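The values are calculated or read from the model by the stated rules, or taken from the named source; none is laboratory data. Everything quoted here is computed from the prediction, not taken from an experiment. Cβ atoms come from the backbone with ideal geometry, glycine included; neighbour counts cover every protein chain shown. Areas reflect the complete protein model, heavy atoms only, side chains present, ligands, DNA and RNA absent. Shrake-Rupley method; radii C 1.70, N 1.55, O 1.52, S 1.80 Å.
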Amino acid sequence: MSNSLFRLACKSAWARRSTLVWLVLAIALTTISVLGIERLRNNARENFSQAVSGTDLIVGPRSSATQLVLYSVFRLGDATANLGWPVAQTLSQHPAVAWTIPISLGDSYRGFAVVGTDDNYLKHYQYGNRQALKVQTGVWFTELFDVVLGSDVAQHQALKLGDSISLSHGSGETLGQTHSDKPFKVVGVLFKTGTPVDRTVHISLRAISAIHLGWESGIPGASAAIPAQFVSKFDLTPKSITALYVGLKSKTAVFEAQRYIGSIKDEPLMAVLPGVALDQLWQMVGVAENAMFAMAALVGLVSLFGLMAVMLTSLAQRRRELAVLRAVGATPMHILWLLLFEGFLVTLVGCLIGLIALALIGLVVSPWLVSQFGFGLGAMSGQGLLTIPSATEWQWLAVLIGAGLVTSLIPAIQAYRQSLSDGLLVQNT
């Protein structure tokens, strides 16, 4: 009997498809909203947490821990002060320190951040599950005016090995003059990482000093126009850097090293644990995350109430149909299951359409999100939305389908209570 009721429910829903199609689309929109937000949230969190790994401490001028992580890891915002190079050298020689990676920011190339660093960046910088950086084409910089590009920079600017580029002083709104007199040669492109590294231009610390020879307080002076072929004759040792990544010999020494760095009297410094700072940073955007979920829940609530309203309204028109079913042997319980099956079908079809639509949207949107923000709507492997739903997403689908059944229960109970005589008295109009 259950199979017959299910087939009858399918035929009944199909007969009223012009009415139910809008409910199906509304439920599909709910599915897209809920699962899309869930995937964005998970991938944004994954991108945040895996942007840097294997680094025990990030050292910079004393300010906010989240601000230090934002500009040193994600290239967002500007540093309020710099870290003196002599202090950075002293820290790198501390007995508990295994390696350090200097980071010097402040310049850009067509909106992409320029990072001045050294060979330790390629040797020790890790992302994701302790994955090391690798050069996809070319080599790491060795000459003064060599530049190594992140994958997104090379792709968006259509750059290849041997091309010449000129960097600009400043970044974002502070973009200033172009160092056109000292062009750089592209010698390498890194493999894609799904992190801010992909949107970064890498040069040496000596190159940072070279392009700023003669600049006083960020303004080019009379001696700034030194030809590129002569800059190597000058002392290009950096005076300061923006931040310092620190790897320790023992993880147990992290808090002791953090206290030591905070107690240095020569400069007011701070050392933050990347994982802790990233968690704090994620909590800051939690309000926006909750707001998105509230909007998705509101859309879902409206869709489910619409389903219930349509089914309740249709009962008045279907009394004779239900009475005939009772007359041919259907019990009140059969009538209840019939309406539950219809509500289940509408909800299930809406969820399936939502999943398919989400996959199609991912084919268009996910590559753009990856290129702009370093994460998409799928796994970091780059498959976009064409991935198997996660356990959490399956739970959300179960909640949506379950809510559809609960919503259908109210009109089903009302139909259950209708008497046979009430249905037979209804005349065709």
Under Karplus coefficients 6.51, -1.76 and 1.60, residue-wise ³J(HN,Hα) of segment 245-259 in Hz, glycine/proline x: 7, 10, x, 9, 6, 9, 5, 6, 8, 5, 6, 5, 5, 4, 5
Which listed pairs, of K239/K265; K160/K185; K192/K239; K160/K192; K134/K192; K123/K192, have C-alpha distances above 20 Å, in listed order: K192/K239
³J(HN,Hα) computed for each position of segment 28-40 - Karplus, 6.51 cos²θ - 1.76 cosθ + 1.60, integer Hz, glycine/proline x: 4, 4, 4, 4, 4, 5, 5, 6, x, 5, 4, 5, 4
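Find how much the distance from L363 to Q283 grows on full extension, using 0.36 nm per residue of separation minus their present alpha carbon separation; answer in nm with one decimal. Before the final figure, lay out the partial values.
Values: separation 80, 0.36 × 80 = 28.80 nm, distance 2.96 nm.
Between L363 and Q283, full extension yields 25.8 nm more.
Nearest 0.05, what FRET efficiency do A132 and L312 give at R0 = 51 Å with Cβ-Cβ as r?
Details: r = 62 Å, r/R0 = 1.21.
With R0 = 51 Å, the Cβ-Cβ based efficiency is 0.25.
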Backbone HN-Hα couplings from phi across segment 105-116 [Karplus 6.51/-1.76/1.60, Hz, Gly and Pro as x]: 10, x, 10, 8, 9, 6, x, 9, 5, 9, 10, x
Amide H partners (placed H, <5 Å) of S240, local residues excluded: W85
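Taking the Cα centre of segment 131-208 as origin and charging only Cβ (+1 Lys, Arg; -1 Asp, Glu), how large is the dipole, in debye to the nearest 20? The partial results should precede the final answer.
On the way: 7 positive and 7 negative charges, 37 e Å.
Magnitude of the dipole: close to 180 debye.
Provide I37, I410 ordered by accessible surface of protein heavy atoms (probe 1.4 Å), highest first. Write out the running numbers ahead of the final one.
Details: I37 20, I410 90 Å².
The ordering from most to least exposed comes out as I410, I37.
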For a label point 7 Å along the Cα-to-beta-carbon line of Y260, residues of segment 66-98 with backbone N under 11 Å: 91-98
Net charge of Cβ neighbours under 14 Å - reference A81; Lys, Arg +1; Asp, Glu -1: -1
Under 5 Å, built H, 5+ apart or other chain: amide partners of T178: H169
FRET efficiency for Q229 and A158, using Cβ-Cβ distance with R0 set to 22 Å, rounded to 0.05: 0.20
